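Enquirer: Please find one structure pasted underneath; my questions will follow.
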Amino acid sequence: MRTLVFTAEIDNRHGVGIVSSRIGLSSPALLFNPQTSLFGLLEKEHRAQPVDCVLIDECQFLTREQVSELSDVVDQLDIPVLCYGLRTDFRGELFSGSHYLLAWADKLIELKTVCHCGRKANCVLRLDAQGNPVHEGKQVVIGGNESYVSVCRKHYKIALGLTRKESE
Ligand SMILES: [Zn+2]
């Protein structure tokens, strides 16, 4: 089976993309940025040699137009497209790609991670170099010292001081 793997060109220091999984498998990947014409590229590849499947990692960085193009890849080229990525950023806002994938995808599969308290982790905290939660900033930071941790909604709000005060 010929699968084409893509990942986001958010960090082009390496020049090439690699998609790796936590169980140790990895694959070279083509890179996409907001200007990449995914339908045109895949149509050309498919014509040269049939493509059986497309896998997009870091799909939260797709634009609205690119998600639309990928739906045309499914509907017109008849190639299944699997996208993997985050739903929301550290501010709790949807990424553009996630927004339109949630709206238009045929099938959604939620991969669950767990907060330190054992609840489902559906939020992401951005931590600065000192380990303090960051409230504001750009959606994507490249090459910084911040890190990210998945937590449940309750602990997300506690970390950012967003919990409602109890009324007397
Ligand atoms: Zn928690």
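Enquirer: If I go through region 107-116 residue by residue, how many of them are within 9 Å of the ligand (Cβ to nearest atom) and either loosely packed, with under 11 Cβ neighbours inside 10 Å or assigned to a strand (DSSP E or B) (or both)?
Expert: Total meeting the criteria: 1.
Enquirer: If you don't mind, there's one more thing I want to ask. For a quick check of your reading of the model, give me the residue pairs whose first member lies in region 128-147 and is small (G, A, S), whose second is exposed (fewer than 13 other Cβ atoms within 10 Å of the Cβ) and not in a loop (DSSP other than H, G, I, E, B), with beta-carbon atoms closer than 9 Å and at least 6 apart or on different chains.
Expert: Qualifying pairs under 9 Å: A129/S147; G131/S147.
Enquirer: Moving on. Run down V5, V19 and say which single residue is without any contact (Cβ under 8 Å) to a residue 60 or more places away in the chain, farther than 20 Å from V140 by Cβ and not in a loop (DSSP other than H, G, I, E, B).
Expert: Result of the check over V5, V19: V5.
Enquirer: Shifting gears a bit: Here is a list of conditions, (1) without any contact (Cβ under 8 Å) to a residue 12 or more places away in the chain; (2) away from the ligand (no atom under 16 Å from the Cβ); (3) not aliphatic (A, V, I, L, M), and Y84 meets all of them except one; can you say which number that is?
Expert: Going through the list (1) without any contact (Cβ under 8 Å) to a residue 12 or more places away in the chain; (2) away from the ligand (no atom under 16 Å from the Cβ); (3) not aliphatic (A, V, I, L, M), Y84 breaks only (1).
Enquirer: Just checking, how many residues over region 117-134 are assigned to a loop (DSSP other than H, G, I, E, B) and surrounded by 13 or more Cβ atoms within 10 Å (Cβ to Cβ)?
Expert: 4
Enquirer: Residue by residue through region 149-159, note down the ones that are of a type in the set (A, V, I, L, M, F, W, C) and near the ligand (Cβ under 9 Å from one of its atoms).
Expert: The answer is V151, C152, I158.
Enquirer: In addition: For region 117-148, name all the residues that are farther than 11 Å from D89 by Cα and within 16 Å of the ligand (Cβ to nearest atom).
Expert: Those that are farther than 11 Å from D89 by Cα and within 16 Å of the ligand (Cβ to nearest atom): C117, G118, R119, K120, A121, L127, P133.
A short reminder: the numbers here are calculations on the coordinates, not readings from a lab. No experiment lies behind these values; they were computed from the predicted model shown. In this analysis, Cβ positions are derived from the backbone assuming ideal geometry, glycine residues included, and neighbour counts consider all displayed protein chains.
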